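To start, the structure itself, in structure tokens.
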Amino acid sequence: MKKTTFKNWKVFSFIAITFLTFSLGKAQCLTADNGLYPNATFTAANCDGVFVNSITTLGYGSEYSNVNVELGETYVFSSSIATDFITISTDDGATSATSGITPLTWVSTVAGVVRFYTHVSGSCEASDDFRVRSFVCGIASTDEPDTANLQSPLIAATEAGTPIAISGRVSETGLTDIEPGLSGQAAGFDAWVGISPVASNTDPSTWTNWTLAIYNPAHVGNEDEYTVMVGNTLAPGAYYYATRFRLNNGPYVYGGTNGFWNGTTSVSGVLDVTAVTNDNLADAKVIECGNTYYGLTSAATLDEDTAPDGGGADLDAPNLWFSYNGGGTPQTVTLSLCGSLYDTSVLVYTGGTGSLNYVAANDDGCGTTVQSYLTFNSDGLSTYFITVEGYNLGSTGSFTMEVTCAEVIEPAVANQTCALALAVPVDGTVTESDNSFGDVSVVQPSCDPFGSVQDVWFSFVAPVSGSIDCTVTNLTMTSMNFNVYTGSCDALTAVGTCYSNQTAPVTESLTGLTAGQTYYVQVWSNAAEQGTFTLKVKDSTLGINNFESSDFAYYPNPVKDVLNLSYKTNISSVAIFNLLGQQVVSKAVNANETQIDMSHLPSGTYMVKVTADNQVKTVKVMKQ
């Protein structure tokens with residue numbers, strides 16, 4: 001036999017054996033140069049024959065994932081790389097149960113864990129190019145509704161940024177025409193509204209922009225109606241829209257203006273998105289309390305960028321304008337942009353073009369998100385101009401602004417500014433305070449540069465030791481911030497650490513303070529997080545307070561007339577303070593027991609400071 005002939009015979013034999021092995025579904029692409037990924041065994045979230053169970057988006061070639069499977073279930077295994085070769089093993093990689101080019105369909109012969117391998121080809125090469133390993137399990141339903149349409153409107157127009165409601169209806173005999181479907185939602189339906197690419201009147205089955213619609217319980221009839229608000233992210237232009245329905249996870253069907261969409265007698269609705277009308281201050285849109293307003297700043301330009309900045313916001317991005325007039329009655333106005341789709345800022349002014357006066361502003365006020373939340377007080381006479389923009393020049397998008405108004409409520413405490421700071425001792429006395437309904441400061445602390453600073457102020461005189469512990473404890477305040485300053489109120493310098501977004505008691509220990517010098521403490525939250533808290537400043541060189549609470553009694557609480565106090569040793573003095581920090585009662589005692597007449601005090605909460613053996617105990621008492 002010639003060498004070449006023998007060589008050809010060997011090649012033919014190899015091809016034949018390889019083909020036979022592949023045809024039997026036993027190809028041995030079971031190498032795993034890149035091992036197992038991810039480590040956890042994957043279990044399907046849904047086996048409806050439609051849902052794609054994504055195992056990983058970071059898969060490699062010559063790598064496998066472990067998958068839980070059910071006996072007799074149909075699986076379609078896939079890789080996002082169209083030429084990938086897939087192998088399934090039911091015996092920990094010893095043999096192949098099935099294999100082939102993606103997608104690979106297999107009816108499971110086992111119940112348990114299988115290995116899902118991906119390789120570059122049937123030659124089993126490795127690759128570090130990322131691919132998605134996923135699968136669909138189950139048999140898709142073939143159920144389809146009897147009718148589906150685009151109900152209303154058939155032609156629509158909206159300003160850029162303002163969504164519109166679009167409805168569609170669907171029916172199925174035996175479901176929507178009998179109870180509960182007749183007067184309630186029939187089971188098994190999913191519904192969407194889709195928007196075409198701009199100026200593209202194409203088959204909706206090719207569209208990708210679908211928004212899930214919600215059942216409308218107000219409609220009663222043989223059809224079920226579904227509605228959704230859409231269009232708020234669309235730039236000015238012409239668009240087309242249609243509905244999409246599915247019954248029992250069956251195939252999608254599409255609704256047009258006259259039943260199922262067919263492109264001739266039943267077509268898509270037409271949507272005209274017009275340009276924004278309030279791009280400039282002169283064209284500010286008038287707003288009213290209790291309403292929600294929308295906008296799309298990506299369709300706007302930057303206007304009045306020389307206006308004053310503040311509140312963590314600077315006017316430097318495309319913006320839209322609104323105006324508010326209180327109609328003669330002072331009000332607290334709240335602007336919530338928490339439902340917006342991008343990083344917003346909101347600023348409020350009085351004045352006019354080229355001469356705007358700063359009132360209030362906010363960048364990030366919705367808690368942990370980057371949307372804005374702001375309150376300001378309207379005097380009922382002035383016109384206030386409100387502008388919505390973004391964090392910086394590149395921040396644009398769709399926003400939602402909810403406007404609510406309420407009667408102006410005076411701040412819970414008087415110490416709203418540094419100049420009105422409440423003096424507190426350094427003996428460990430606990431002062432309870434509240435920043436509710438407080439003024440919004442224009443001073444932006446370093447640790448909260450974008451929040452809305454609704455603050456209250458305190459002062460203390462540094463002790464001879466120059467060392468203090470300043471403890472702030474949040475009560476109803478949901479997020480607490482504080483800072484300590486030196487200097488005068490018009491030229492403050494922070495000392496120590498600036499604390500932000502605290503939800504548990506925090507103590508700032510300071511040393512090296514100048515004895516006899518006044519220091520200031522600023523405590524704040526944004527308007528959505530306002531509430532009560534306590535402040536305690538103590539000379540850290542003093543001994544531990546040994547006031548034994550178990551031997552101290554005070555009653556009744558709440559008190560109507562007389563408060564009784566007793567302690568194991570002589571009580572030297574009693575002082576009562578209101579929540580503004582004002583002393584309203586002072587009494588020297590020098591006895592184990594005493595009574596304090598509170599009958600003349602207004603109803604409310606008071607702090608009772610009891611001194612005994614040079615130790616201090618402060619308790620909270622309610623006066624009826």
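For segment 293-330: of the residues being exposed (fewer than 14 other Cβ atoms within 10 Å of the Cβ) and of a type in the set (S, T, N, Q), which is nearest to SER446 (Cα to Cα)?
Filtering segment 293-330 for residues that are exposed (fewer than 14 other Cβ atoms within 10 Å of the Cβ) and of a type in the set (S, T, N, Q), the one nearest to SER446 (Cα to Cα) comes out as THR306.
Which pairs do you get when a residue that is among the aromatic types (Phe, Trp, Tyr), found in segment 484-497, comes within reach of a residue that is assigned to a strand (DSSP E or B), reach meaning Cβ atoms under 6 angstrom, with the pair 6+ apart or on two chains?
These pairs meet every condition: TYR485/LEU492; TYR485/ALA494; TYR485/TYR520.
Let me spell it out: the conditions are (1) within 21 Å of THR274 (Cα to Cα); (2) modelled with pLDDT under 95, and ALA156 meets all of them except one. Which number is the exception?
The number of the failed condition is (2).
Specify the residue that is modelled with the lowest pLDDT; the eligible residues are those in segment 357-399 that are touching a Phe, Trp or Tyr at 6+ places or on another chain (Cβ under 6 Å) and β-branched (Val, Ile, Thr).
Selected residue: VAL359.
Restricting the search to segment 487-530, which residues are in contact with a Leu (Cβ under 7 Å, 6 or more places away or on another chain) and over 16 Å from VAL456 (Cα atoms)?
Scanning segment 487-530 gives VAL495, GLY496.
Within segment 253-292, how many residues are assigned to a loop (DSSP other than H, G, I, E, B) and within 32 Å of the chain's Cα centre (by Cα)? Spell out how you get there, then give the answer.
Taking segment 253-292 first, the residues assigned to a loop (DSSP other than H, G, I, E, B) are 257-258, 261-268, 275-280, 284, 287-291.
Then keep just the ones that are within 32 Å of the chain's Cα centre (by Cα); that gives 275-280, 284, 287-291.
The total comes to 12.
What is the residue count in segment 337-355 for residues that are within 18 Å of PHE376 (Cα to Cα) and part of a strand (DSSP E or B)? Break it down into steps so the answer makes sense when it comes.
If we filter segment 337-355 for residues that are within 18 Å of PHE376 (Cα to Cα), which is where we start, we get 337-338, 344-351.
Narrowing further to those that are part of a strand (DSSP E or B): 344-351.
Number of matching residues: 8.
From the residues in segment 417-436 that are small (Gly, Ala, Ser) and not in a strand (DSSP E or B), which one is surrounded by the fewest Cβ atoms within 10 Å (Cβ to Cβ)?
Step one: of segment 417-436, the residues small (Gly, Ala, Ser) are 419, 421, 423, 428, 433, 436.
Checking which are not in a strand (DSSP E or B) leaves us with 419, 421, 436.
On the way: ALA419: 10, ALA421: 22, SER436: 18.
Here the residue is ALA419.
Which ones in segment 590-609 are aliphatic (A, V, I, L, M) and either out of contact with any Leu (no Cβ under 8 Å at 6 or more places or on another chain) or at pLDDT below 90 (or both)?
The answer is ALA591, LEU601, MET607, VAL608.
Just the residues that are closer than 22 Å to ASP455 by Cβ and in contact (Cβ under 8 Å) with a residue 60 or more places away in the chain, please, taken from segment 346-360.
Quick first cut of segment 346-360, residues closer than 22 Å to ASP455 by Cβ only: 346-349, 357-360.
Answer for segment 346-360, where residues must be closer than 22 Å to ASP455 by Cβ and in contact (Cβ under 8 Å) with a residue 60 or more places away in the chain: TYR358, ALA360.
Could you tell me which numbered condition TYR606 fails, if it satisfies all but one of (1) under 25 Å from ASP434 (Cβ atoms); (2) touching a Pro at 6+ places or on another chain (Cβ under 7 Å)?
Only one criterion is unmet by TYR606, namely (2).
If you take the residues in segment 92-110 that are part of a loop (DSSP other than H, G, I, E, B) and β-branched (Val, Ile, Thr), which one is surrounded by the most Cβ atoms within 10 Å (Cβ to Cβ)?
Within segment 92-110, the first condition is being part of a loop (DSSP other than H, G, I, E, B), and the residues that meet it are 92-97, 102-103, 108-110.
Adding the requirement that they be β-branched (Val, Ile, Thr) leaves 95, 102, 109-110.
Numbers: THR95: 12, THR102: 19, THR109: 13, VAL110: 13.
Of everything passing the filter in segment 92-110, THR102 is surrounded by the most Cβ atoms within 10 Å (Cβ to Cβ).
Across segment 269-303, what is the number of residues that are touching a strand residue (DSSP E or B) at 6+ places or on another chain (Cβ under 6 Å) and among the acidic types (Asp, Glu)?
Qualifying residue count, segment 269-303: 1.
Would you kindly identify the strands (runs of 3 or more DSSP E) lying entirely within segment 117-174 that contain at least 3 residues that are among the small types (Gly, Ala, Ser)? Give the steps one after another, and end with the answer.
Details: elements: 127-137, 147-152, 155-159, 164-171.
It comes to 164-171.
Scan segment 483-495 and give yes if some residue there is among the charged types (D, E, K, R), surrounded by fewer than 13 Cβ atoms within 10 Å (Cβ to Cβ) and over 19 Å from PRO449 (Cβ atoms), otherwise no. Spell out how you get there, then give the answer.
Taking segment 483-495 as the starting set, the residues that turn out to be among the charged types (D, E, K, R) are 490.
Those left that are additionally surrounded by fewer than 13 Cβ atoms within 10 Å (Cβ to Cβ): 490.
Checking the rest, the ones that are also over 19 Å from PRO449 (Cβ atoms) come to 490.
For segment 483-495, residues among the charged types (D, E, K, R), surrounded by fewer than 13 Cβ atoms within 10 Å (Cβ to Cβ) and over 19 Å from PRO449 (Cβ atoms): present.
Any chance segment 548-558 includes a residue that's out of contact with any strand residue (DSSP E or B) (no Cβ under 7 Å at 6 or more places or on another chain), of a type outside the set (Lys, Arg) and modelled with pLDDT of 90 or more?
Yes, segment 548-558 contains a residue that is out of contact with any strand residue (DSSP E or B) (no Cβ under 7 Å at 6 or more places or on another chain), of a type outside the set (Lys, Arg) and modelled with pLDDT of 90 or more.
List the strands (runs of 3 or more DSSP E) that sit entirely inside segment 550-624 and contain at least 3 residues that are in contact with a Phe, Trp or Tyr (Cβ under 8 Å, 6 or more places away or on another chain), surrounded by 14 or more Cβ atoms within 10 Å (Cβ to Cβ) and of a type in the set (A, V, I, L, M, F, W, C). Give the derivation first.
Details: elements: 553-555, 562-577, 583-597, 604-612, 615-623.
The qualifying strands (runs of 3 or more DSSP E) are 562-577, 604-612, 615-623.
Suppose the filter is more than 33 Å from the chain's Cα centre (by Cα), under 30 Å from GLY231 (Cβ atoms), assigned by TED's automatic domain parsing to the domain that holds PHE245 and surrounded by fewer than 15 Cβ atoms within 10 Å (Cβ to Cβ); does ILE178 pass it?
Numbers: more than 33 Å from the chain's Cα centre (by Cα): yes; under 30 Å from GLY231 (Cβ atoms): no; assigned by TED's automatic domain parsing to the domain that holds PHE245: yes; surrounded by fewer than 15 Cβ atoms within 10 Å (Cβ to Cβ): yes.
It is false that ILE178 is more than 33 Å from the chain's Cα centre (by Cα), under 30 Å from GLY231 (Cβ atoms), assigned by TED's automatic domain parsing to the domain that holds PHE245 and surrounded by fewer than 15 Cβ atoms within 10 Å (Cβ to Cβ).
Looking for whichever is more than 30 Å from LEU320 (Cα to Cα), outside the structural domain of ASN319 (by TED's automatic domain parsing), out of contact with any His (no Cβ under 8 Å at 6 or more places or on another chain) and surrounded by 22 or more Cβ atoms within 10 Å (Cβ to Cβ) here; the options are GLY168, GLY161. Which one fits? Before the answer, list the steps.
Numbers: GLY161 fails: more than 30 Å from LEU320 (Cα to Cα).
Checking each option against the conditions leaves just GLY168.
Please find, among ASN570, ASN557, ASN564, the residue that is free of Cβ contacts under 8 Å to residues at least 40 places away in the same chain and outside the structural domain of THR476 (by TED's automatic domain parsing). Steps first, please.
On the way: ASN570 fails: free of Cβ contacts under 8 Å to residues at least 40 places away in the same chain; ASN557 fails: free of Cβ contacts under 8 Å to residues at least 40 places away in the same chain.
Being free of Cβ contacts under 8 Å to residues at least 40 places away in the same chain and outside the structural domain of THR476 (by TED's automatic domain parsing) holds for just one of ASN570, ASN557, ASN564, which is ASN564.
Mind telling me which of the residues THR493, THR473 ends up being closer than 19 Å to ASN415 by Cα, out of contact with any helix residue (DSSP H, G or I) (no Cβ under 9 Å at 6 or more places or on another chain) and part of a strand (DSSP E or B)? Walk me through how you get there before you give the answer.
Numbers: THR493 fails: closer than 19 Å to ASN415 by Cα.
Only one candidate passes the filter, namely THR473.
For segment 451-482, how many residues are in contact (Cβ under 8 Å) with a residue 60 or more places away in the chain and either of a type in the set (S, T, N, Q) or buried (at least 20 other Cβ atoms within 10 Å of the Cβ) (or both)?
Summing the residues that are in contact (Cβ under 8 Å) with a residue 60 or more places away in the chain and either of a type in the set (S, T, N, Q) or buried (at least 20 other Cβ atoms within 10 Å of the Cβ) (or both) in segment 451-482 gives 19.
Name the residues in segment 239-275 that are of a type in the set (A, V, I, L, M), out of contact with any Leu (no Cβ under 6 Å at 6 or more places or on another chain), surrounded by 15 or more Cβ atoms within 10 Å (Cβ to Cβ) and closer than 30 Å to TRP321 by Cα, would you?
The answer is VAL270, LEU271.
The values are calculated or read from the model by the stated rules, or taken from the named source; none is laboratory data. Please read all numbers here as calculations on a predicted model, not as lab measurements. Heads up, the Cβs are rebuilt from the backbone with ideal geometry, glycines too, and the neighbour counts pull from every protein chain shown.
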